[in-house]
Amino acid sequence: MSLLTQFDQSDAAATGRELHRFAAELYPICRSITGEGIRQTLRNIQERIPLQLTEVPTGTAVLDWTVPKEWNIRDAYIKDANGNKVVDFKKCNLHVLNYSMPVHASMPLSELKGHLATLPDRPDWVPYRTSYYKESWGFCLSHNQMLGLRDGDYEVCIDSTLEDGNLTYGECYLPGKSSEEVLISSHACHPSLANDNLSGIVVAAALAKFLMWRELRYSYRFVFAPGTIGAITWLAKNREVASRIRHGLVLTGIGNADAFHYKKSRRGNAEIDRVAAHVLLHNSKAAETLEFSPYGYDERQYCSPGFNLAVGCLMRSVWGTFPEYHTSADNLEFIRPEKLAESLRVCAAIVDVLENNERYRNLSPYGEPQLGKRGLYRSTGGGAIGDEINAQLWVLNLSDGQNSLLDIAERSAIPFTAISAAAERLRDGGLLSVLPEG
Amino acid sequence: MSLLTQFDQSDAAATGRELHRFAAELYPICRSITGEGIRQTLRNIQERIPLQLTEVPTGTAVLDWTVPKEWNIRDAYIKDANGNKVVDFKKCNLHVLNYSMPVHASMPLSELKGHLATLPDRPDWVPYRTSYYKESWGFCLSHNQMLGLRDGDYEVCIDSTLEDGNLTYGECYLPGKSSEEVLISSHACHPSLANDNLSGIVVAAALAKFLMWRELRYSYRFVFAPGTIGAITWLAKNREVASRIRHGLVLTGIGNADAFHYKKSRRGNAEIDRVAAHVLLHNSKAAETLEFSPYGYDERQYCSPGFNLAVGCLMRSVWGTFPEYHTSADNLEFIRPEKLAESLRVCAAIVDVLENNERYRNLSPYGEPQLGKRGLYRSTGGGAIGDEINAQLWVLNLSDGQNSLLDIAERSAIPFTAISAAAERLRDGGLLSVLPEG
Amino acid sequence: MSLLTQFDQSDAAATGRELHRFAAELYPICRSITGEGIRQTLRNIQERIPLQLTEVPTGTAVLDWTVPKEWNIRDAYIKDANGNKVVDFKKCNLHVLNYSMPVHASMPLSELKGHLATLPDRPDWVPYRTSYYKESWGFCLSHNQMLGLRDGDYEVCIDSTLEDGNLTYGECYLPGKSSEEVLISSHACHPSLANDNLSGIVVAAALAKFLMWRELRYSYRFVFAPGTIGAITWLAKNREVASRIRHGLVLTGIGNADAFHYKKSRRGNAEIDRVAAHVLLHNSKAAETLEFSPYGYDERQYCSPGFNLAVGCLMRSVWGTFPEYHTSADNLEFIRPEKLAESLRVCAAIVDVLENNERYRNLSPYGEPQLGKRGLYRSTGGGAIGDEINAQLWVLNLSDGQNSLLDIAERSAIPFTAISAAAERLRDGGLLSVLPEG
């Protein structure tokens, strides 16, 4: 049974609720590119799928970078002269400039303001800001909060540590018949941001769970790592694995209500690019395919010219283009159970195509074979033929050894599922043989 | 003189009337894929052009198929309890399910209805239905006829035979300088249906007559055969000929008033595909070019992957897309003399391009040659040049050995006829030499 | 500093006025394809840039042509019976059919009319007509002038000489590091016509002046020659130079107010074609790129199939498509200082791309290099990156040895200037090395 059929026969609404529940479980954790937050997140994933955690020590050289210090935080606040906490990390972990160095000091508002970030255009939202590679400290708060601050002295406290430790990432590896791999990668470093990227994490984990018990053509590798430095670290430590990656997807921002956006790999016409475009065309409304660009998520690293992997990025809203992006409004209400479930369904459909995109040879290539004597045609002529016969004719006509089923689906504008089913009937009827790869 | 010029200097209206007259002569014959109907049709064509008939015995293995029994029919009717013929084959041969086995029986209306086909949406029209590969019998009638049938017993009689015999096809072969062939194929198995495909038959025959007395570059082969099984039989018995087919056209449904539709060969960019598109662009209004698909007419067989011939299909209305298709409304009023004549004209224009699509070499390729001293330019400068000079400049500029005249016509958007005439003037002026093929 | 920056830091209005002043200086001269008119024009150019004049004797065989006689004219007029000059060459040199043989005769109006050309649709304008290759004489006048002529005898006088002499062209050669050349060609044979082609002449001369003092990658050759026969003569005498031309532009009709039109070289996708399209896209409004055609200006000769040089044609209005074309209305008011200056600016931008379109290799191609530690990134994360960082990411991602900076500019839709600046920063940061050509 195809993965898509398996999904469609299950309770999608229940799946959506379960995905959202997992996101809600991860939401409060204060993640960063290193530290207990991401480590805890990976352990929560580990409760659902087999996940191997790797710890890479601070100072390790990884490609052009160095693994940074491990950041941990217990508390942070700003108190006014009366001792009232006017900004409180415990209420919202976005309040702290992520990766802030520790600070405990008193200062007038005028000085404090140099350490505050707000969003004047969205005065009720708290922005998400980071300072990974320059030691700094700061707070993020809503613009209205800031407007409410009176002149005077404030106590600022960030009870964090920035010390030698480790960068942590997790991998779930599902072996298939081939040692060639499909990579599914989701960044896991953002604190309380739901769409970016709890949505990617929970859908990736659910996809892994789906695939765990199946016979697979390819081997699958799910990577959960901090953005940028995590992908770089993983690539640095897995160059040989990277050379076996045949197809890949970065999953991110796939929980909200926007239409799907697929950003192509740097190659632009890799099989994954064509598969994703085909699946979205036939399985979603208003989906858009975007050309590759070197800014974005971790496809930046996988598609750097030295690796140039066939890795695209599946999103709904595109980073930086929606107002909730990197703000406190990217919360658990912003992502929806049914959208998470639909994203999982699209991933399942993509995997189906990758798994079944074989090339066949028509064993009766001279003229049309007589389908009727094999029970594969209608008996009364003169009227229209049905979709199933039409799909069979396409598969027979184009199975000359040059065309994969995806090639046939694209040229005929028939969904891959119907082409694949037609190929199965024809193979059962003795009219097709599968060709070896390559 | 080009074929097109020859056509344009003749009386097109008279040609149209003659084409329609021939269609009217063939209309009453009850054709099928085998039997006297198609044999008689081929004999009528034989009165106009040299046609060699081939008889292939029942049971002969042809590619993946077997030549079926020969079907002949003398009469068929349904009589009501009063002995009135309520359905009468002699009035309309569509009334019989084509290829019906013989039957003579009495049965109640309820049982009879299982053998009746009608068109509820077009209650006055009789559908055309066949049952070639499953032994069966039946009647086709107008929906209103069926609604008029009262309960009671009916006498049904189909005085047919379905016995070992032959499948018959006809070929008209016109040798040219080259042994490479142009194939013109029309199916000749449909009973009283005018557009599908008496139109194709009569235009093909007229085209052959046009070409009979000309010196030809290619050899031409006109095939009149039953649909599907006829093309398959012809291919099975002519594999070596098939390998010499350089260009081909299936002619069908070209008598009605719709704009032209050209369906490309499986190759998609074969010379015939480009020629047909070019000719239609410059010689007809609202013509459309359709991508190849494996359903349709006998291009299905010629374009099966084992043969993959450069054979397209020229139509006006596309099969299955117009209400008259495969009904009694596809009659002699549905096809029009002037449309038949225009179709012949387009075929002539296509043949002209095929015959004259040479590659030339500019013998003075460095700078423009001085056309004026050869009488090929105007004498006063400053104003605009004319179309003829412009066509000459295009031919000179692109005749570098890489471009055929069709390449030049396409790139310049100038009709092939003007490009070809310019090439002739330049050749006469000593500025071009023709290149050998290949 | 880029040429474009140099231009933008100068006083464009003053440049425009200077260009127009030079055009006004050349305007009264009666040029033709040979003779003192074009020779004087070249001497005026010589006052501004180093220009080498070449004289090619009448009768010299040049490609398929022969250098014609040298034409000179002192005066021409038509006098009526009262001795009044009704048409006077000294008022407007277009009045004489260019290259007219000498004549001095008296004839009735009826006979004279056979030698008169007018523009009935533009009754106040004088047309420009020539008769280079057929000995003839004639006058051009406004239609209203002709309507005013009464019956009677007229004295016609064309005090010209058509004798063995020379064809003259001028070249300005600016050597660069490479012996490969960029050709800038402007026809200089038209009499008092401002846009066609004093505009091309003055912009070409100003561009040469701009380049004279710069270090150049390519060598530059500016050719000022009569149309058609001049380009043919130059090509005939410079076959070896022609083989070194890597890029070329014909400059013509670039002084009026119309949007830019760039006509591609015969190759259609030569670097100059892509450069011109890119520069116009980012530096002008409503510019259009036209496919190559073999009619036009001297690109006809450079793009003849034997040479097939990568030479396009930069215009504003396209020849033959605007009413002022080849009439007395193509005068000094028709061209505008600011349009001439803008045309020079576009030429400068094109040269900039040609000069800087290198291929680089990313020296840190595995993953993104850490730009921050090199001062090439922002320090606070979470918000949008700027255009400069984005351009850097594009250059790094595509600098795999396959892509030139123009390739990167095209794929990223970022102006070449920004891509080139990003490459410079990255090279300074040790992240890029330039690749040798070829």
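Every number here is computed from the coordinates shown, using simple stated rules; none is lab data. Everything numeric in this text was worked out from a predicted model, so none of it was measured. Glycine also receives a Cβ, built like all others from the backbone with ideal geometry; neighbour counts cover every protein chain displayed.
Using a 10 Å cut-off on Cβ atoms, rank the peptides C:63-76, B:180-193 from the highest mean neighbour count down.
B:180-193, C:63-76
Counting alpha carbon pairs within less than 8 Å and at least 6 residues apart, what relative contact order, in whole percent, applies to chain B?
17
Under a 5 Å amide H to amide H cut-off, with H placed in plane at 1.01 Å, what residues pair with A:Thr289 once short-range neighbours are removed?
A:Tyr262
About the Cα centre of chain B, what is the dipole size in debye to 20, counting +1 per Lys and Arg Cβ and -1 per Asp and Glu Cβ, all else neutral?
Dipole magnitude for chain B comes out near 720 debye.
Within straight cross-link reach of B:Lys91, meaning Cα distance under 20 Å, which lysines are found once same-chain residues fewer than 8 apart are removed?
B:Lys79
If you build the convex hull over the alpha carbons only and average its shadow over all orientations, what do you get for the protein assembly as shown? Give it in nm² to one decimal.
63.8
So, R0 is 45 Å and r is the distance between the beta-carbons of C:Arg43 and B:Val434; what FRET efficiency does that work out to, to 0.05?
Step by step, r from the Cβ atoms, then E = 0.35.
What are the ³J(HN,Hα) values, in whole Hz, obtained from phi via the Karplus relation 6.51 cos²θ - 1.76 cosθ + 1.60 with θ = phi - 60°, for each residue of the stretch A:294-301 in sequence order, with x given for Gly and Pro?
Along the stretch A:294-301, the couplings run x, 9, x, 9, 6, 4, 3, 7 Hz.
Going down the list A:Lys69/C:Lys373; A:Lys85/A:Lys113; B:Lys69/B:Lys90, which pairs span over 19 Å between their C-alpha atoms?
Violating the 19 Å Cα-Cα cut-off are B:Lys69/B:Lys90.
Taking the Cα centre of the protein assembly as shown as the origin and placing charges on Cβ (Lys, Arg +1; Asp, Glu -1), which of B:Ala14, A:Leu174, A:Leu249 is farthest toward the positive end of the dipole?
A:Leu174
Per residue of C:376-386, count partner chain C-beta atoms within 10 Å of its C-beta, then hand back the mean as an integer.
6
Toward the positive end of the charge dipole of the stretch C:297-371, about the Cα centre and with charges on Cβ (Lys, Arg +1; Asp, Glu -1), which of C:Leu314, C:Pro369, C:His326 goes farthest?
Toward the positive end, the furthest listed residue is C:Pro369.
Show the residues, 5+ positions off or on another chain, whose built amide H is closer than 5 Å to the amide H of B:Cys189.
Those qualifying (amide H under 5 Å, at least 5 residues apart or on another chain) are B:Gly227.
Give the separation of the Cα centroids, the stretch B:151-189 to the stretch C:154-194, in Å.
Each part reduced to its Cα centre gives a spacing of 73 Å.
What is the dipole size for the protein assembly as shown, taken about its Cα centre, with +1 at each Lys and Arg Cβ and -1 at each Asp and Glu Cβ, in debye to the nearest 20? It would help to have the intermediate numbers written out before the result.
Values: 135 positive and 156 negative charges, 203 e Å.
So the magnitude is around 980 debye.
Hey, if you put +1 on the Cβ of every Lys and Arg and -1 on every Asp and Glu Cβ in chain C, which of C:His104, C:Ser433, C:Ala236 ends up farthest toward the positive end of that dipole?
Of C:His104, C:Ser433, C:Ala236, it is C:Ser433.
Go through C:Lys177/C:Lys339; B:Lys263/C:Lys263; A:Lys264/A:Lys285; B:Lys264/B:Lys339; C:Lys264/C:Lys285 and tell me which ones have a Cα-Cα distance over 29 Å in this structure.
Checking Cα-Cα distances, C:Lys177/C:Lys339; B:Lys263/C:Lys263 exceed 29 Å.
Expressed as a whole number of Å, what is the distance separating the alpha-carbon centroids of the stretch C:39-80 and the stretch C:314-375?
Computed from Cα coordinates, the inter-centre distance equals 32 Å.
Please give the charge dipole size of the stretch B:286-438, origin at the Cα centre, charges +1 on K and R Cβ atoms and -1 on D and E Cβ atoms. Round to the nearest 20 debye.
Using Cβ point charges on Lys, Arg, Asp and Glu, the stretch B:286-438 gives about 600 debye.
Give me a comma-separated list of calculated 3J(HN,Hα) values for the stretch C:83-88, in order, Karplus coefficients 6.51, -1.76, 1.60 applied at θ = phi - 60°, integers in Hz, x for any Gly or Pro.
These are the phi-based 3J(HN,Hα) values: x, 7, 6, 8, 9, 9 Hz.
Please report Rg (one decimal) and Dmax (integer) in Å for the Cα set of chain C.
Here Rg and the maximum Cα pair distance are 25.3, 92 Å.
How many angstrom lie between the Cα centre of the stretch B:99-127 and the Cα centre of the stretch B:245-287?
Answer, in whole Å: 38.
Within a 10 angstrom radius of each residue's Cβ in B:354-366, how many Cβ atoms of other chains show up on average? Whole number is fine.
Across the residues of B:354-366, the mean count of other-chain Cβ atoms within 10 Å is 2.
Can you give me the distance in nm between label points at B:Arg374 and B:Glu135, each placed 7 Å from the Cα along the Cα-to-Cβ direction?
Calculated label separation equals 7.3 nm.
What list of ³J(HN,Hα) couplings, whole Hz, do you get for the stretch A:135-145 from phi and the Karplus terms 6.51, -1.76, 1.60, once you set θ to phi - 60° and write x for glycine and proline?
Using θ = phi - 60°, the values come out as 5, 6, 9, x, 10, 10, 8, 6, 4, 5, 4 Hz.
For chain A, what does the helix formula give at 222 nm: sum of -39500 (n - 2.57) over DSSP H segments with n ≥ 4, over the residue count, nearest 500 deg cm²/dmol?
-9000 deg cm²/dmol
To make sure I understand the rule: partners must be aspartates and glutamates, Cα under 17 Å from the Cα of C:Lys134, and not fewer than 8 residues away in the same chain. Which ones qualify?
Within the straight-line cut-off, C:Lys134 pairs with C:Asp64, C:Glu70, C:Glu163, C:Asp164.
Give me the inter-chain shielding for C:304-311: mean count of other chain Cβ atoms within 10 Å, whole number please.
What the average comes to for C:304-311 is 5.
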